[in-house]
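Worksheet: one structure, shown below.
Every read-out reported here was derived from the displayed coordinates using simple, explicitly stated rules and does not represent laboratory data. All of these numbers come straight from a predicted model, not from anything done at the bench. With ideal geometry, Cβ positions are generated from the backbone for all residues, glycine too; neighbour counts draw on all protein chains shown.
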Amino acid sequence: MITVHTSPVCLMDRVPTTRVSASLPPPGTGTMAYRILDDHNQSTQSGTYKIRFDRLISHDITYVGIIQSARASGMQRFPVPYTLTNCHNSLCAVGGTINEDDHLFGLSAAEKYGGIYVPANQAVLHQYAREMMCTAGGMILGSDSHTRYGPLGVMGIGEGGPELVKQLLSHTYDLKAPEVVLVYLLNAPKPGVGPHDIALALCKALYDPGFVKNRILEFVGPGISALPMDFRLSLDVMTTETGCLSSIWETDEAVKEYYRWHGRERAYSPVTPAPGAVYHRMITLDLAQAEPMIALPFHPSKAYTIREMNEHAGDILRSLEQDGEEQCGIKLQLTDKVRQGRLLTDQGIIAGCAGGLYDHVREAAAVLAGASIGSGFFSLSIYPASMPVAVQLMDAGIQQQLIEGGAVFKPCFCGPCFGAGDVPAHNSFSIRHTTRNFPNREGSRPGEGQLAVVALMDARSIAATARNQGLLTAATEFDYRGKDVPAPPFNGSIYAHRVYQGFGMPEPERVLQYGPNIGDWPKIEPLGEDLLLRLASVIHDPVTTTDELIPSGETASYRSNPLKLAQFTLSRRDPQYVERAQEIRALEAKRRQGIIPAELESLQLEEGVSLESLHIGSLIFARKPGDGSAREQAVSCQRVLGGLANLAYEYATKRYRSNLINWGILPFTLDHTEDFKGQIGDWLYVPQIRSRLQAQEQRFPAKLRTPGGWTDITVSIGELTSEERDIICSGCLMNYYAAKNQECCYG
């Protein structure tokens with residue numbers, strides 16, 4: 001189904017050829033990706049991009065912190081259309097209005113600075129962007145990792161909040177010219193095969209080898225015409241899970257019709273590669289060979305065909321039990337879920353930007369037609385991607401049909417993707433057409449002895465499984481007709497009546513509305529000359545996700561309060577981290593008072609190191625941290641607790657490394673050949689770090705203090721722009737801009 005080619009590829013007469021002559025232009029030439037990047041580039045330096053985006057979008061777990069940071073850095077108005085959606089933090093806390101306070105802040109900010117505000121439960125952010133924000137040939141930056149709108153001819157990039165702050169201050173998103181990977185689509189998928197099946201196969205083939213990491217995927221080929229728009233959009237949003245930077249698809253009449261359907265035909269223009277476009281590498285994807293898939297915990301790349309899963313259920317589930325015990329410390333009992341030669345699942349969810357689109361819900365209804373999910377424990381919940389989609393499902397009779405079959409419809413909400421809403425029982429097995437299945441993304445709390453698991457599947461096979469009362473079933477096992485109910489017209493009045501459209505009309509006199517849980521950022525000190533770091537956590541897992549660094553579901557209500565949120569840092573993975581970090585921060589506080597604790601004196605640092613030049617902070621070691629969400633809180637929480645550096649063999653994503661830099665945390669790396677021996681409580685001393693950073697150095701001599709004494713090591717920081725070095729030296733992005741603006745950084 002999937003073949004990869006690692007050498008340059010040329011698209012000649014719309015057919016890729018690997019016989020590339022030396023006379024051809026360099027890779028990237030003629031690609032859609034480079035054309036769009038060039039159109040948005042502010043840099044005059046070859047090979048370097050400084051991008052200004054057309055539009056920005058955030059949800060209610062991230063926009064408060066972004067606006068607070070931008071306001072503290074001197075922002076007076078939103079310079080580009082900035083949409084604030086409310087689809088992550090829209091379940092209000094019992095006993096208070098913590099989340100709703102954030103929404104009031106968001107509306108007041110949209111009024112004050114001239115923004116767009118989408119009230120809670122109107123749409124998940126990516127569906128709103130698809131329906132109302134995209135313009136072919138454009139670029140959108142979102143503070144959510146799944147910011148992907150490639151099939152509409154738009155390059156979407158998901159980054160941490162500080163990158164949006166830069167755009168709000170009319171600065172740029174800086175990167176070296178990324179490599180572009182041709183994804184050449186052939187043929188058409190079989191009936192019963194959906195976009196999640198294709199996406200999971202791609203994740204399985206591409207994620208572990210890092211074949212597309214930080215590259216741009218460019219979808220071309222005759223297979224595109226066989227895919228309806230909702231199919232394309234749902235496949236595209238999952239490219240995030242391959243590790244790529246962004247994606248772009250060539251457009252056609254179906255795309256033009258999509259824009260027209262949503263009343264935005266003028267936003268369409270053809271996007272296609274130039275004749276003879278050259279790519280750095282290629283993936284060939286034969287859609288006809290795709291089978292229904294299931295991605296087991298704890299990553300979308302851990303995928304099997306449903307056929308393989310049922311044939312080898314016992315062995316696969318035993319392996320999953322072992323993974324659960326190793327990663328979460330709790331023993332699952334999953335092998336007893338094998339019934340009649342199939343896995344018995346407990347819950348089905350079809351939701352959000354991946355699953356909650358009209359076509360997928362319609363297909364699920366067609367599979368389930370004339371049957372029910374039964375009266376057993378298995379449940380089926382559906383979250384439409386937007387209210388216009390929900391109304392289309394009502395008008396077409398699809399919602400009623402599914403409700404009569406036992407399904408439950410719920411609001412437009414992203415919760416099932418990160419553990420808020422439909423949290424399954426302990427030891428339950430949930431199958432979901434959502435974007436992610438990292439540990440605890442279903443909302444369980446291992447610290448309290450709870451653990452359930454989430455597997456990813458397509459809506460079609462979830463419906464087939466529901467038809468069999470939870471027994472794992474591929475949709476291809478049913479002969480059904482799912483394309484008989486065309487979508488009713490898109491009802492744009494739903495947004496017209498509720499969405500605040502304030503771009504270009506700021507009201508400077510408007511007072512921001514604060515609730516008691518919204519806090520300013522604490523004061524953050526600039527980087528000292530000599531760095532003394534104590535290891536507060538050591539993680540040797542192959543990959544550490546942002547969900548492990550800062551949990552998702554139960555912390556949502558505190559995302560606007562930096563001090564409260566920081567208390568959850570690493571709470572699932574290393575519950576003692578916060579206490580250790582606070583102890584190290586207390587040492588730094590004493591140093592700033594001129595007090596030298598006996599613990600520091602016993603380290604016997606080299607001569608000439610003064611108390612004034614020393615900067616003490618905490619350090620996290622992880623082999624490959626930062627997979628998953630773009631949210632900056634995975635980093636800012638470390639900084640609030642006094643974290644000054646991460647140490648890794650590599651970083652899972654560009655966005656996590658960028659978050660580290662923007663929060664003044666040094667993104668140190670070790671050579672892959674070096675076996676790091678440090679343990680919790682050990683010290684890392686990096687002398688003259690500030691001077692060496694300013695001198696453009698990339699490798700730094702350091703000393704690791706273990707119980708056996710000092711050992712010389714070398715840490716690297718990789719390529720940094722001059723601005724990134726200045727940000728780190730300033731202590732964080734806010735300090736950097738505040739110094740530039742000669743304004744006070746803190747509220």
(message) If each residue of separation counts as 0.36 nm, what is the full-extension length gain between residue 254 and residue 5 once their alpha-carbon separation is subtracted?
(response) 86.7 nm
(message) Starting from the 7 Å offset along Cα-to-Cβ, what nm value, one decimal, do you get for the label separation of residue 564 and residue 42?
(response) 3.6 nm
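At a Förster distance of 30 Å, what's the computed FRET efficiency of residue 326 paired with residue 650, Cβ-Cβ distance as r, to 0.05? Let's see the in-between values first.
Numbers: r = 21 Å, r/R0 = 0.71.
Computed FRET efficiency for residue 326 and residue 650 comes out at 0.90.
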(request) With a/c under 1.5 counting as rounded, go ahead and sort the range 66-132 into rounded, prolate or oblate using the C-alpha gyration tensor (a ≥ b ≥ c being the square roots of the eigenvalues; past the cut-off, prolate if a/b is larger than b/c, else oblate). (result) oblate
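Full-extension gain between residue 677 and residue 20, please, as 0.36 nm times their residue separation minus the C-alpha to C-alpha distance. Please report the intermediate quantities before stating the final value.
Details: separation 657, 0.36 × 657 = 236.52 nm, distance 4.61 nm.
Answer, rounded to one decimal: 231.9 nm.
Which percent, nearest 5, of DSSP beta bridges in the range 530-741 are antiparallel? Walk me through the numbers before you get to the answer.
Working: 16 of 35 bridges.
Counting DSSP beta bridges with both partners in the range 530-741, the antiparallel share is about 45 percent.
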(request) Tell me the GluC sites (Glu not before Pro) within the range 533-630 that lie in a loop according to DSSP and have at most 13 other beta-carbon atoms within 10 Å. (result) 606, 607, 612
(message) Among 197-210, 460-473, how do they line up by average Cβ neighbours within 10 Å per residue, starting with the highest?
(response) 460-473, 197-210
(request) Using θ = phi - 60° and the Karplus relation 6.51 cos²θ - 1.76 cosθ + 1.60, list the HN-Hα couplings for the range 347-357 in order, rounded to whole Hz, with x at every Gly or Pro. (result) 7, x, 10, 10, 8, x, 5, 9, x, x, 8
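Give me the percent of DSSP beta bridges within the chain that run antiparallel, rounded to the nearest 5. The partial results should precede the final answer.
Working: 40 of 101 bridges.
Antiparallel bridges make up about 40 percent of those DSSP assigns within the chain.
For the range 446-556, rounded, prolate or oblate, judged on the Cα gyration tensor with a ≥ b ≥ c (square roots of eigenvalues), a/c < 1.5 rounded, else prolate if a/b > b/c? Kindly include the intermediate steps, with their values, before the conclusion.
Working: a/c = 3.07, a/b = 1.28, b/c = 2.39.
It is oblate, given that a/c is not under 1.5 and a/b is not larger than b/c.
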(request) Determine the distance separating the Cα centre of the range 498-527 from the Cα centre of the range 197-253; give it in Å without decimals. (result) 36 Å
(message) Run the helix sum for the chain: -39,500 (n - 2.57) per DSSP H stretch of 4+ residues, divided by residue count, reported at 222 nm to the nearest 500 deg cm²/dmol.
(response) -8000 deg cm²/dmol
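With 18 Å as the limit, write out which pairs from 112/523; 302/677; 50/654; 190/256; 677/703 have Cα-Cα distances beyond it, or answer none. If you can, show how the numbers build up before the last one.
Working: 112/523 25 Å; 302/677 30 Å; 50/654 16 Å; 190/256 25 Å; 677/703 12 Å.
Listed pairs above 18 Å: 112/523; 302/677; 190/256.
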(request) Mind listing the long-range amide H neighbours of residue 347? Cut-off is under 5 Å, sequence gap 5 or more, other chains count too, H placed in the peptide plane at 1.01 Å from N. (result) 379, 429, 431
(request) For the chain, report the translational diffusion coefficient in µm²/s to the nearest whole number, using Stokes-Einstein at 10 °C, 1.306 mPa s, and a Kirkwood Rh over Cα pairs. (result) 60 µm²/s
(request) List the relative contact order of the chain as a percent without decimals, with contacts defined as Cα pairs under 8 Å and 6+ residues apart. (result) 15 percent
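Within a Cβ distance under 14 Å of residue 517, other residues only, what is the Lys/Arg minus Asp/Glu net charge?
Working: positive: 559, 564; negative: 60, 100, 101, 102, 520.
Around residue 517, the charge tally is -3.
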(message) Residue by residue through the range 446-459, what is 3J(HN,Hα) from phi via Karplus (6.51 cos²θ - 1.76 cosθ + 1.60, θ = phi - 60°)? Round to whole Hz and write x for glycine and proline.
(response) x, x, 10, x, 9, 7, 10, 10, 10, 10, 9, 8, 7, 3
(message) Order 125-131, 530-536 from most to least packed using the mean count of other Cβ atoms within 10 Å.
(response) 125-131, 530-536
(message) Amide H of residue 632 versus every other amide H placed in the peptide plane: which residues, excluding those fewer than 5 positions away on the same chain, fall under 5 Å?
(response) 161
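What does the net charge come to around residue 588 if you take all other residues with beta carbon closer than 11 Å to its beta carbon, with K and R at +1 and D and E at -1? Can you show the working numbers first?
On the way: positive: 534, 585, 590, 591, 592; negative: 525, 583.
Around residue 588, the charge tally is +3.
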(message) Output wanted: per-residue J couplings in Hz (rounded whole) for the range 731-738, from phi through Karplus 6.51 cos²θ - 1.76 cosθ + 1.60, θ = phi - 60°, x for Gly and Pro.
(response) x, 4, 4, 4, 4, 4, 6, 4
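Could you tally the net charge around residue 602, taking each other residue with its Cβ under 14 Å from the Cβ of residue 602, Lys/Arg +1 and Asp/Glu -1?
Details: positive: 534, 705; negative: 599, 601, 682.
Every neighbour counted, the sum reads -1.
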